[in-house]
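A short write-up of the structure that comes next.
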Amino acid sequence: MAEIDIRGFRILQGYLEGAAQESLVQDLRQVILAAPLFSPLTPYGKPMSVRMTSAGRYGWYADRRGYCYRPRHPQGGPWPPIPEAILQIWRALVSAERDPDCCLINFYGEGARMGMHQDRDEADFTWPVLSVSLGDEGLFRIGNETRGGKTESIWLNSGDVVVMGGAARLTYHGVDRIRFGSSRLLPKGGRINLTCRVVD
Ligand code: SIN
Ligand code: FE2
């Protein structure tokens with residue numbers, strides 16, 4: 001494992017070994033069966049290219065009115081519990097005192113990307129956001145606390161974990177593109193990114 005710091009983003013490369021990644025994918029399959037992936041709408045009314053679902057007390061949701069956390073999946077049921085293996089990563093790297101309220105599951109198929117944004121729908125920014133990457137490589141871009149300016153990019157690989165906290169908690173970030181088919185973790189290709197958040 002190697003640890004690097006880019007603008008306060010703590011990047012733990014190869015934090016999860018292969019067997020742990022495979023077992024997480026199995027856990028996530030169960031979550032997605034109970035809470036199917038959907039494409040949220042942007043404020044412009046266009047569906048996002050990334051498909052999403054959540055686990056935990058809250059799930060992240062977006063439609064024309066904006067972004068919010070909701071206690072229920074759009075189909076009406078509660079979100080499934082956050083898998084224990086994900087909570088263990090959070091407890092080891094963020095806090096053993098408080099578990100996250102939401103684990104957002106982002107699925108990037110071929111051509112999917114995520115524009116530069118801040119994660120600011122949570123009540124308390126003293127809690128970091130923890131990100132886990134699985135499957136295909138994704139080009140992660142790190143900007144500044146305000147939109148624009150110079151940026152730095154890094155490829156996130158399967159098993160990499162990023163802690164976005166402290167001064168970096170409100171830094172703009174996004175995913176420019178993925179290298180579809182670069183990993184064999186997901187037989188049909190694609191990238192999964194998990195982000196765990198304390199919401200309220
Ligand atoms: C996000 O910022 O919500 C996703 C980051 C990633 O996919 O690596
Ligand atoms: Fe984000």
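The values are calculated or read from the model by the stated rules, or taken from the named source; none is laboratory data. As the structure is a computational prediction, the values presented were derived from the model and not from experiment. Cβ placement follows ideal geometry from the backbone for every residue including glycine, while neighbour counts extend to all protein chains displayed. All accessible areas refer to the heavy atoms of the entire protein, side chains included, with ligands and DNA or RNA removed. Shrake-Rupley method; radii C 1.70, N 1.55, O 1.52, S 1.80 Å.
Per-structure values
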{"quantity": "Matching residues in segment 54-94 - criterion: being open to solvent by less than 30 Å² (accessible area, probe 1.4 Å) and either in contact with a Leu (Cβ under 8 Å, 6 or more places away or on another chain) or without any contact (Cβ under 8 Å) to a residue 12 or more places away in the chain (or both)", "calculated": "Ser54, Gly59, Trp60, Ala62, Asp63, Pro83, Ile86, Ile89, Trp90"}
{"quantity": "Number of positions in segment 14-30 that are in contact with a strand residue (DSSP E or B) (Cβ under 8 Å, 6 or more places away or on another chain) and open to solvent by less than 60 Å² (accessible area, probe 1.4 Å)", "calculated": "6"}
{"quantity": "Filtered residue count, segment 3-40, keeping only those that are under 11 Å from Thr53 (Cβ atoms) and among the hydrophobic types (A, V, I, L, M, F, W, C)", "calculated": "8"}
{"quantity": "Lone qualifier among Thr195, Thr171, Thr146 - being more than 11 Å from ligand 2 (Cβ to nearest atom) and either under 26 Å from Gly66 (Cα atoms) or buried (at least 16 other Cβ atoms within 10 Å of the Cβ) (or both)", "calculated": "Thr146"}
{"quantity": "Search result, residues across segment 80-118 that are over 13 Å from the mean Cα position of the chain (by Cα) and polar (S, T, N, Q)", "calculated": "Gln88, Ser95"}
{"quantity": "Segment 110-132, residues that are open to solvent by less than 20 Å² (accessible area, probe 1.4 Å) and away from ligand 2 (no atom under 12 Å from the Cβ)", "calculated": "Ala112, Val132"}
{"quantity": "Residue list for segment 34-53, filter: open to solvent by less than 30 Å² (accessible area, probe 1.4 Å) and in contact (Cβ under 8 Å) with a residue 40 or more places away in the chain", "calculated": "Ala35, Val50, Met52, Thr53"}
{"quantity": "Single condition Ile6 does not satisfy, out of (1) over 15 Å from the mean Cα position of the chain (by Cα); (2) in contact (Cβ under 8 Å) with a residue 24 or more places away in the chain; (3) open to solvent by 40 Å² or more (accessible area, probe 1.4 Å)", "calculated": "(3)"}
{"quantity": "Which listed residue, of Gly165, Gly135, is surrounded by 14 or more Cβ atoms within 10 Å (Cβ to Cβ) and either touching a Cys at 6+ places or on another chain (Cβ under 9 Å) or under 19 Å from Asp5 (Cβ atoms) (or both)", "calculated": "Gly165"}
{"quantity": "Leading residue by the ranking (farthest from Pro36 (Cα to Cα)) among those in segment 71-108 that are outside any helix (DSSP H, G or I), aliphatic (A, V, I, L, M) and away from ligand 2 (no atom under 16 Å from the Cβ)", "calculated": "Ala96"}
